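To start, the structure itself, in C-alpha cells.
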Amino acid sequence: MAKVRDIMQKNVITIESIKKAHDAAIILKEKEISFVVVVKEGKPIGIVSERDIVRKIVADSNDAHATQLETIMSKNFKWVEPNASIESAVQKMLNNNIRRLVVLENENLAGVITQTDLTEFLRSKILINATVENIETN
C-alpha cells in the first residue's frame, strides 16, 4: 500500500514568520507556486497561499509591505505523517475541504502533499490497473 512519503514533495518552500505579506507574494511569483509554509525557529507554524493574499491583503486594501505573515497565514493547517496511507491523506483533505497537507515527522517539516500529487498518483494507478486488466483479458 502506498504511503504519503512515496508521493510527497520534499523540497518545500518556506518563509520566516517575521516576514511581510509582500515577501511571500514575491516568493510565490518567482517560484511559480501557490503557497509557502511559514516557519518560526525552523518549525512550521502556518501556511500562506495566493488565496490568503488575495482575500486578506488585496480585497481588504491592506498594505502588503506592512502586514505581518502571522496575521494572514492559516494557523490551523492540517498535517499527516510520512507513513500515513494515501487513503487517509485523501480523506483528511476531503473532510477539511483543503488542497494541501503539510507532512510532519517528529514535528519537523518533511514535505507537502497536494491535490495535484494525489491526482498524478491516482492517474498512474488507474492506468496500471487498466493495463493489467487488458493483459489478463487477452
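Of note, PHE77 does not satisfy the criterion of being under 17 Å from ASN11 (Cα atoms), of a type in the set (Phe, Trp, Tyr) and buried (at least 17 other Cβ atoms within 10 Å of the Cβ).
Check the range 50-66 and report whether any residue there is under 13 Å from ILE113 (Cα atoms), in a helix (DSSP H, G or I) and either in contact with a helix residue (DSSP H, G or I) (Cβ under 8 Å, 6 or more places away or on another chain) or at pLDDT below 95 (or both). No. When the residues of the range 12-33 are filtered to those that are touching a residue at least 40 places away in the same chain (Cβ under 8 Å) and part of a loop (DSSP other than H, G, I, E, B), which remaining residue is farthest from MET73 (Cα to Cα)? The extreme case among them is VAL12. Evaluation of LEU118 against the conditions (1) touching a helix residue (DSSP H, G or I) at 6+ places or on another chain (Cβ under 7 Å); (2) in a strand (DSSP E or B) shows that the sole unmet condition is (2). Among the residues of the range 34-49, those that are assigned to a strand (DSSP E or B) and loosely packed, with under 15 Cβ neighbours inside 10 Å comprise LYS40, LYS43.
Is at least one residue of the range 92-99 more than 24 Å from VAL48 (Cβ to Cβ) and in a helix (DSSP H, G or I)? No - not one qualifying residue is present in the range 92-99.
Filtering VAL132, VAL103, VAL90 for residues that are modelled with pLDDT of 95 or more and of a type in the set (Val, Ile, Thr) leaves a single hit, VAL103. Here LYS56 meets the list (1) exposed (fewer than 15 other Cβ atoms within 10 Å of the Cβ); (2) closer than 23 Å to ILE15 by Cβ almost entirely, failing just condition (1).
When ASP63, ASP117 are screened for being over 23 Å from SER17 (Cβ atoms), surrounded by 10 or more Cβ atoms within 10 Å (Cβ to Cβ) and among the charged types (D, E, K, R), only ASP117 passes.
The values are calculated or read from the model by the stated rules, or taken from the named source; none is laboratory data. Nothing here was measured: the structure is a model prediction, and the numbers come from that model. Neighbour counts are summed over all protein chains in view; Cβ atoms, including those assigned to glycine, are modelled from backbone coordinates with ideal geometry.
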